[in-house]
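Let me begin by presenting the structure, written as structure tokens, before commenting on it.
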Amino acid sequence: MEIQDPYAHEPLACPPLPAFDPSFGAGDVYDYEGTDITELDDYLRTTGVWDAMDYGVGLHLPATHELYAAAIGAHALPATPPPSPPPASSSYDDGAAATLDAYDSDIDASLRATERDARERPSPDYLDNGGGIDPLGRAALVAWMSGLAGHFGIDDAALHRAVSYLDRFLSSAAITTPVADLDYRLRVVAAAAVYAAAKLEDSAFSRRVNAGDIAASCGFAASKEVLDAERALLAALGYRLGGPTAHTFVEHFTRRGCGGGGELELVRRAAHAFAGASLLDHRCCLGLLPSAVAAAAILLVRVSLAPAPHGREQLRRWGAELEEMTGYRPADVYEAVESMYMLMPVDPGFGISPLLFADLNY
């Protein structure tokens, strides 16, 4: 079966990932903040990951931008019918609710303990250790992984997991290869991460797609490269593959509340879009806990869907809701909110009041 190439050009014929400078070594200082984001835009347009777009202070994924437009165009959350009066409770109902709450609390505690386990976390400074990849190069590689996932119908949950695998692998094992082959080797490892994550999230995936399909689609020499990279990846991760991601926590935090019904679904979808775009930013993936990224995404959804101006009482209500839902206050997730906001277009259609992060007696 012929596998169509999902990109505009063969990967091996693409320009090298931006900022993969052979002269860049461990002793050099990379000026990420001073980098022109259009360099990455040029690369991504050349490789066909997405079409040309206008960027301001940051980078965004097309799907996220489209969801912004749809959400902001509504200017308000859809109206939901008033809740029906609850039925008369019984001692059985009360006992079942208490059991459910206890079970839910156990899940929450387990997820939060796992995300703080050092064995489940990438090194926050591995991009500064001269391993051959920098923040801009990482962003391009993550965008490439997103294109690969989309080609094979791999869902967002697996993509979040794959990016986590990649960061953890590169934190623990520098790729030893000549500079000329570095781009190729990074793509092999990234593809192996996507392949491994897809199989974990979907047990039927390996019956639809095998390593040969991945290799053919990506332009690799042989399927053995993908399998060897997958083995090395799993060993480097200590076979710890099921830790929570920001996608996990968005699902977890929105399992209840947010008004229910269509409103809940809109909040969840928009929060997933924000969290998905954050994969491009190393600050969200390396320096922040996944639960904090998810909480920041939910807070941004609330701000983006409500018409301005935002009054003090509304800000206080959002803060109280966030703390009840996630355990975080707005000030706790300031860095994540700032990073995500910087990934948006020049005019995302809404602003963020500094009062949101002030102590409003939540």
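Residue count for region 111-128 satisfying the condition of being of a type in the set (Ser, Thr, Tyr) and either modelled with pLDDT under 90 or not in a helix (DSSP H, G or I) (or both): 2. For LEU355, the stated conditions do not hold, so it cannot be described as farther than 30 Å from THR114 by Cβ, surrounded by 18 or more Cβ atoms within 10 Å (Cβ to Cβ), of a type outside the set (S, T, N, Q) and at pLDDT below 90. When GLY137, GLY153, GLY147, GLY131 are screened for being at pLDDT 90 or above and in a loop (DSSP other than H, G, I, E, B), only GLY153 passes.
The values are calculated or read from the model by the stated rules, or taken from the named source; none is laboratory data. Just so it is clear, the model here is predicted, and its values are computed rather than measured. In this analysis, Cβ positions are derived from the backbone assuming ideal geometry, glycine residues included, and neighbour counts consider all displayed protein chains.
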